[in-house]
Amino acid sequence: MKLKKTDAELATKLTQDPHSVRTGEREKVLEVAIGREVRAFRKQQNTTVAELAQLTGLSIGMLSKIENGNTSPSLTTLQSLANALSVPLTAFFRRFEERREAVHTKAGEGVELDRAGTRANHQYNLLGNIGANGSGVIVEPYLITLTVESDVFPTFQHDGIETIYMLEGEVDYRHGDEVYPLQPGDTLFFDADAPHGPERLVTLPARYISVISYPQAN
């Protein structure tokens, strides 16, 4: 089923600004990282600032400054917070120390592999992989090439969400009961739990980017 959404409808659902810039260098400051963790643990335990103030003996104003990264708490203060929130002291530093990874794959250097369910002469080039990360989501970006020797079949089916962006050639791509004609520049975004795959290879060779995302295992 094809769904058309207005810009206004999409705007009500998309709340994250992809172009937002975090304020200066504050995200790199230890105080800000600690404050985020204190707030997160407090909310996780459904504890108000006033209740946490009672448990620790700190003032509400001081706690507000700590959570907003506006002051540098002493080790004694952090220990009091750790005891009140029942977390190890080191938990307040985890995001500050957490490594943020990026993978740069040069043209032609993607890892060619046989992905689970791959059929004959479907060339998959994995363009990068970070693995387990703080977002809780695994993302697999592929460059897929189809030639005259490639099988056609609508039988892929797996967890997650998939996005296809057509680069070259034309294919008729099935998703569930619908078939979508994909040409260069077209995008198909879908629930990957439904049977899907290239049903008819119209113009070859065909190349498209496929990005699959799914929750990482606990």
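Each value in this text was obtained by applying a stated rule to the coordinates, not by laboratory testing. As the structure is a prediction and not an experimental result, all values here were calculated from the model.
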Extension reserve of the Leu126-Ser64 stretch, reckoned as 0.36 nm per residue once the Cα distance is removed: 17.8 nm
Amide proton proximity set for Gln183, modelled H, under 5 Å, gap of 5+: none
In Hz, Karplus ³J(HN,Hα) per residue of region 66-82 (6.51, -1.76, 1.60; θ = phi - 60°; x = Gly, Pro): 5, 5, 8, x, 9, 8, 9, x, 6, 4, 5, 5, 5, 5, 4, 5, 4
Potential lengthening between Ser86 and Glu149 on full extension [0.36 nm per residue; Cα-Cα distance subtracted]: 16.6 nm
Pair-distance profile P(r), taking every C-alpha pair of region 46-90, with 10 angstrom steps and integer %: 30, 63, 7
Length released on extending from Phe189 to Val29, taking residue separation times 0.36 nm less the Cα-Cα span: 53.8 nm
Sequence-distant residues sharing a close amide H with Gly169 (under 5 Å, placed H): Arg207
